[in-house]
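The values are calculated or read from the model by the stated rules, or taken from the named source; none is laboratory data. Keep in mind that what you see is a predicted model, and the values were worked out from it rather than measured. FYI the Cβ positions are ideal-geometry reconstructions off the backbone, even for glycines, and counts take in every protein chain you see. Accessible surface is based on the protein model in full, side chains and every heavy atom, while ligands, DNA and RNA are left aside. Shrake-Rupley method; radii C 1.70, N 1.55, O 1.52, S 1.80 Å.
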Amino acid sequence: MLRRVMLLLCFLSLSLAASALAGGFDCAKPPYGTPIADINDNGYFVKFQEKDGVAYYNYTGPCKLGIHERLAPVIVYGAVDGKLYSRIMKTENDNLEVIKSVTTKLAGTPQTTTEGDWLVMRWNFPEKNVKMKLKYNNVTHATKSATYYEPLRPQADDAAPEEYLGK
């Protein structure tokens with residue numbers, strides 16, 4: 001009897017683990033280029049806008065990023081041709097030293113420029129076809145960032161995600 005219970009518990013554990021992995025979405029490592037339909041088993045991606053060939057989604061499912069431990073970010077995902085293209089994030093009152101420490105640790109040393117009140121940091125990950133841009137406002141301490149999958153990037157100069165970053 002105990003053996004049957006143990007086998008049943010093992011089977012249930014494996015089934016739950018397999019179902020959690022199938023079609024799941026990891027917001028810390030978005031699978032850029034993947035069809036939204038393949039990662040939206042639970043209907044967590046809620047489309048709210050479409051503009052210039054990019055569909056914008058709120059993700060309403062379970063998601064935890066390091067930034068959630070210190071701020072309340074606004075996160076939006078973009079899709080082009082039904083495939084995950086970008087993650088756009090905004091925060092208020094962030095700490096520049098924390099940003100520099102975390103981003104350098106996770107993404108390496110950025111290319112840095114200044115645009116008015118904004119410190120602009122850029123990273124390029126050619127092996128993943130991904131680019132990232134983060135803007136930090138030296139006056140308001142707000143941030144705007146976008147990570148996007150270059151093969152799906154719309155060709156128009158005014159196409160997202162830069163629209164969300166405020167050129």
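Restricting attention to region 54-74, the residues that are touching a residue at least 24 places away in the same chain (Cβ under 8 Å) and closer than 21 Å to residue 24 by Cβ add up to 8.
Of the residues that make up region 81-88, is at least one surrounded by 19 or more Cβ atoms within 10 Å (Cβ to Cβ), out of contact with any Phe, Trp or Tyr (no Cβ under 9 Å at 6 or more places or on another chain), of a type in the set (Ser, Thr, Tyr) and at pLDDT 85 or above? Checking region 81-88: not a single residue is surrounded by 19 or more Cβ atoms within 10 Å (Cβ to Cβ), out of contact with any Phe, Trp or Tyr (no Cβ under 9 Å at 6 or more places or on another chain), of a type in the set (Ser, Thr, Tyr) and at pLDDT 85 or above. Taking the criterion of being surrounded by 11 or more Cβ atoms within 10 Å (Cβ to Cβ) and more than 16 Å from residue 146 (Cα to Cα), the only residue of region 116-130 that qualifies is 117.
Every residue, every condition in (1) modelled with pLDDT under 90; (2) surrounded by 13 or more Cβ atoms within 10 Å (Cβ to Cβ); (3) closer than 25 Å to residue 155 by Cα, yes or no:
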position	(1), (2), (3)
39	no, yes, no
42	no, no, no
55	no, yes, yes
59	no, yes, no
62	no, no, no
79	no, yes, yes
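Quick one: would you say residue 152 is without any contact (Cβ under 8 Å) to a residue 40 or more places away in the chain and buried (at least 19 other Cβ atoms within 10 Å of the Cβ)? Judged against the criteria, residue 152 is not a match. Only residues that are charged (D, E, K, R) and either open to solvent by less than 60 Å² (accessible area, probe 1.4 Å) or touching a Ser or Thr at 6+ places or on another chain (Cβ under 8 Å) (or both) were counted across region 89-115, and they come to 3.
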